[in-house]
């Protein structure tokens, strides 16, 4: 496994792979890897001849009061996990390699990035789409894999790739959960034992809404309240619980097309997201 730290070296390696007729699979991450990330790595390896994983805590997707400095990092552990999964290359650039001191060019999607997390974190998706574009230009992948836990992010990236004619096929992998149902996240380590137990109410609420839907309930407010009530009963602070279309992330009064219930909630200072598909 090769560890690459500069854009020029990464581009050179990827171009060599392409000259050899190899398809490049890519998983962009912010490190502190868990089984959810590794499931994406396996998808990338299945769909390609060589695989690359980036580990880069992207400063431009964090707001001024968010947890950039505290975001968990453990490169040696990440390196060992990637090596164990047969990853061919880890791209591990420094912030100054990715962003010049006078950086001033942004990539911004203008519709799907606005609701849900975009309301609470108005600069977040601009940072995501910009860094993903830069990573695509560095790694030059044929296939890139993202996780469905960040459902809005995946949809935004798919729209960006479509709109800008980026020659990368996007694959979205399933949500991977802990044995008790909590969606895997690098931020789960912030939770106290009590907060983690109470955070299970997110998944419990989504399951309750799914059961209501399976029983014939289509009204968005009824389904929303099943999730909202579950979280609030356990002392969670809800950022949003919304039922939206999977195509446009537009609010739906009824489940009349493929939909997603998207959730963001705080337990203590930790913001967690989750979702479930309906229809």
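A few notes on this one:
- Considering the stretch 12-33, and only residues there that are surrounded by fewer than 17 Cβ atoms within 10 Å (Cβ to Cβ) and in contact (Cβ under 8 Å) with a residue 60 or more places away in the chain, the residue that is nearest to residue 153 (Cα to Cα) turns out to be 23.
- Helices (runs of 4 or more DSSP H) lying entirely in the stretch 74-145 (those with 1 or more residues that are farther than 30 Å from residue 245 by Cα): 75-84, 95-98, 124-139
- Some residue of the stretch 38-56 being assigned to a loop (DSSP other than H, G, I, E, B) and under 20 Å from residue 117 (Cβ atoms): yes
- Unique residue being closer than 24 Å to residue 245 by Cβ and either loosely packed, with under 15 Cβ neighbours inside 10 Å or free of Cβ contacts under 8 Å to residues at least 60 places away in the same chain (or both) when the list is 148, 159, 177: 159
- A Cβ distance below 8 Å, combined with a sequence gap of six or more or placement on separate chains, defines the contacts here; from the stretch 99-116, residues that are assigned by TED's automatic domain parsing to the domain that holds residue 131 and at positive phi reach residues that are modelled with pLDDT of 95 or more and surrounded by 10 or more Cβ atoms within 10 Å (Cβ to Cβ) in the pairs 116/152; 116/240; 116/242; 116/244; 116/249; 116/262; 116/264.
- Residue among 251, 259, 199, 209 that alone is surrounded by fewer than 16 Cβ atoms within 10 Å (Cβ to Cβ), in contact with a strand residue (DSSP E or B) (Cβ under 6 Å, 6 or more places away or on another chain) and outside the structural domain of residue 137 (by TED's automatic domain parsing): 251
The values are calculated or read from the model by the stated rules, or taken from the named source; none is laboratory data. Source: prediction; values computed, not measured. So basically every Cβ, Gly included, is an ideal-geometry build from the backbone, and we count neighbours across all protein chains shown.
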